[in-house]
Amino acid sequence: MADRKIIAIVGATGAQGGGLVHAIVNDTSGAFTARALTRDVNSSKAKELAKQGAEVVVANLDDVESLKRAFAGAYGAFCLTNFWEHFSPEKEFAQAKAMAEAAKHAGLKHVIWSTLEDTRKWVPLSDNRMPTLMGKYKVPHFDAKGEADDVFRKLGVPTTFLLTSFYWDNLIYFGMGPKKGPDGTLAFTLPMGDKKLPGIAAEDIGKCALGIFTKGHEFIGKTVGVAGEHVNGAQMAAALTKALGQEVCYNDVTPEVYRTFGFPGAEDLGNMFQFKRDFEQVFCGARDLNVSRSLNPALQTFDTWLARNKSRIPLE
């Protein structure tokens, strides 16, 4: 254990961080050991990680001193924020800043910052194609992450900027799976027209992150996008039809309609899908499937993921 490099993992009980913990503890090369950061070391998920072989330590993203303690002695860190926990881009930015400062203080050799595009670089606030939200964002859960990239750069933290993709797991947990209409037909709704949506199994993000840490210096200072496949709404509906054994129609709505759906974050997600639709080449181009596969040879396609997870998708 002494010669293994410690990776401190923020969000270790969540999808991305948990995926990286599992990737490290299951890695036969044993180059790294996982230090799982969590607010509650006594939670069932934290105890499960400890049982799997991770070191579990307490840390709070709102407390930079706790992050400094949690990062101490580590080789690297996987950093992320969870907008959907609090719906505050300002809080996300402050948490990213705290992680960058703690990483600098601890002298980490390699940080992966799980970020996203600042969409205002393509759709300025003055552009009325999509509404401005919260006064100064177009896609709040993207923009603050993208804005925080510069904090890592300015502090000189050796960072890889990891651009993630739509989690296919959202079909299970986020209510984005097929819904039954009045006639009983299943419909899968996306405001993407015929444009392709880069998607990925959440666990594969962790495996790609391990690939980045393994390659090390090659990716420091670089932006790397990952996806398992680029598929459009009609292709996703066809794959769902095949996997579930019953017809799933693609319900292509406009972003304007999607923004009115009324669930928490509907406007944000409506804008997000519009950005992905209107800037398809930019968004897909930043998420190279060959690069993703080189980092994670076991990368799943949408069909592969569905074969393993179809029984977990709730059909309402």
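The values are calculated or read from the model by the stated rules, or taken from the named source; none is laboratory data. This structure is a prediction, so every number in the text was calculated from the model and none was measured. Don't worry about glycine lacking a Cβ; one is built from the backbone with ideal geometry, like all the others, and counts go over all protein chains shown. Accessible surface areas use protein heavy atoms only, side chains included; no ligands, DNA or RNA. Shrake-Rupley method; radii C 1.70, N 1.55, O 1.52, S 1.80 Å.
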**Asked** Quick one: which strands (runs of 3 or more DSSP E) sit completely within the stretch 1-70 and have at least 1 residues that are open to solvent by 40 Å² or more (accessible area, probe 1.4 Å) and over 18 Å from Ile205 (Cα atoms)?
**Response** 5-9, 55-58
**Odd one out for Asp143 among (1) modelled with pLDDT under 95; (2) under 20 Å from the mean Cα position of the chain (by Cα); (3) among the acidic types (Asp, Glu)** = (1)
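Let's see how each residue does on (1) farther than 13 Å from Val157 by Cβ; (2) among the aliphatic types (A, V, I, L, M):
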site: Gly73; (1), (2): yes, no
site: Gly76; (1), (2): no, no
site: Cys79; (1), (2): no, no
site: Phe83; (1), (2): yes, no
site: Ile112; (1), (2): no, yes
**Prompt:** Mind checking which residues of the stretch 213-233 are over 18 Å from Arg153 (Cα atoms) and β-branched (Val, Ile, Thr)?
**Reply:** Thr214, Val226, Val231
**Item:** Count of residues meeting criterion [open to solvent by 20 Å² or more (accessible area, probe 1.4 Å) and either touching a residue at least 12 places away in the same chain (Cβ under 8 Å) or not polar (S, T, N, Q) (or both)] in the stretch 236-264
**Value:** 20
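For the stretch 143-171, give me the residue count where each residue is touching a residue at least 24 places away in the same chain (Cβ under 8 Å) and assigned to a helix (DSSP H, G or I). Let's see the steps before the verdict.
We begin by selecting, within the stretch 143-171, every residue touching a residue at least 24 places away in the same chain (Cβ under 8 Å); these are 143-149, 151-152, 155-169, 171.
After this cut, where a residue has to be assigned to a helix (DSSP H, G or I) as well, the list is 143-149, 151-152, 171.
Adding up the residues that qualify gives 10.
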**Item:** Residue identified as more than 24 Å from Asp143 (Cα to Cα), at pLDDT 95 or above and of a type outside the set (Ser, Thr, Tyr) among Gly73, Gly30, Gly17
**Value:** Gly73
**Prompt:** When the stretch 172-218 is examined, which residues are found to be open to solvent by 70 Å² or more (accessible area, probe 1.4 Å), under 20 Å from Ser114 (Cα atoms) and part of a loop (DSSP other than H, G, I, E, B)?
**Reply:** Phe174
**Request:** Sort through Ile200, Ile220 and tell me the only one that's in contact (Cβ under 8 Å) with a residue 60 or more places away in the chain and under 18 Å from the mean Cα position of the chain (by Cα).
**Result:** Ile200
**Asked** What is the one condition in (1) surrounded by fewer than 20 Cβ atoms within 10 Å (Cβ to Cβ); (2) in contact (Cβ under 8 Å) with a residue 60 or more places away in the chain; (3) among the β-branched types (Val, Ile, Thr) that Thr132 does not satisfy?
**Response** (2)
